[in-house]
Amino acid sequence: MEVRMEESWRTRLEGEFVQPYFAELVSFVRSEYASGPCYPPGGKIFNAFDTTPFDDVKVVILGQDPYHEPGQAMGLSFSVPEGVALPPSLRNIYEEIRAEFGGPVPSSGDLTRWARQGVLLLNATLTVRQGQAGSHQRRGWERFTDAAISALAREREHLVFLLWGSYAGQKAQLIDSQRHLVLRSAHPSPLSAYRGFFGNHHFQLCNDYLSGHGQSPIAW
């Protein structure tokens, strides 16, 4: 794994690159990718950072780790490449957006269009072994992505953090809710969407907050 990252993010996170944990993480990830299929493709590991520069971020949507089946993961949380069937959680996200704004559910699961509007689609763990969800957790990625969240919370003003599910909700402690909007609910997974994700109005609340602070809303 080569550590190549968009420059505005690199300047904020370069202190992590020299930490012992990060050297161990890089060694682990390289070994994993060399020993069998892992996702996303190596060049897409930092896709969330590369597609949404630090100063362009308006919204953060936090996932847990990448999709672990072939052809799905593309380095953006909840997103799949054009032509790939919608995963259940993403379908439920689209259903909530439809309920809030109307219109059809998109056929494409590629969320690059959101990322280019300032939605940082960040997984807490950036890599995974094929067929083994969570296989790269607790190896150092969480410390790295926590540093990214903390940098945003510290240096920026009036961001929206969408934290779905108990895992993402734990990241609220990194964010000053007096400076940013933190929205929490159940996860969009079919296992939990009916326990508070559906009807959370997060996408409208997000846009209202952005508009209220002089920023253009997201075209969801």
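Tabulated results
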item	result
Near pairs, Cβ below 8 angstrom, 6+ apart or cross-chain, from segment 173-194 (more than 14 Å from ILE93 (Cβ to Cβ)) to any residue that is open to solvent by 70 Å² or more (accessible area, probe 1.4 Å)	ARG179/GLU157; HIS180/GLU157; LEU181/LEU205
Any hit, segment 164-179, residues being open to solvent by less than 70 Å² (accessible area, probe 1.4 Å) and of a type in the set (Ser, Thr, Tyr)	yes
Members of segment 69-117 found to be touching a residue at least 40 places away in the same chain (Cβ under 8 Å), assigned to a loop (DSSP other than H, G, I, E, B) and within 21 Å of PHE49 (Cβ to Cβ), listed by number	ALA73, GLY75, LEU76, SER77, PHE78, SER79, ARG116, GLN117
Filter result for GLU155 (free of Cβ contacts under 8 Å to residues at least 60 places away in the same chain and either out of contact with any Gly (no Cβ under 8 Å at 6 or more places or on another chain) or surrounded by 21 or more Cβ atoms within 10 Å (Cβ to Cβ) (or both))	no
Positions within segment 103-142 being touching a Ser or Thr at 6+ places or on another chain (Cβ under 8 Å) and among the aliphatic types (A, V, I, L, M), in sequence order	LEU111, ALA115, VAL119, LEU120, LEU121, LEU122, ALA124, LEU126, VAL128
Number of positions in segment 20-49 that are surrounded by fewer than 17 Cβ atoms within 10 Å (Cβ to Cβ) and either closer than 25 Å to LEU111 by Cβ or in contact (Cβ under 8 Å) with a residue 12 or more places away in the chain (or both)	10
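The values are calculated or read from the model by the stated rules, or taken from the named source; none is laboratory data. Because the structure is predicted, anything quoted here is derived from the model rather than measured. As a convention, Cβ positions derive from the backbone with ideal geometry for all residues, glycine included, and neighbour counts pool all protein chains shown. Only protein heavy atoms, including side chains, enter the accessible area calculation; ligands, DNA and RNA are left aside. Shrake-Rupley method; radii C 1.70, N 1.55, O 1.52, S 1.80 Å.
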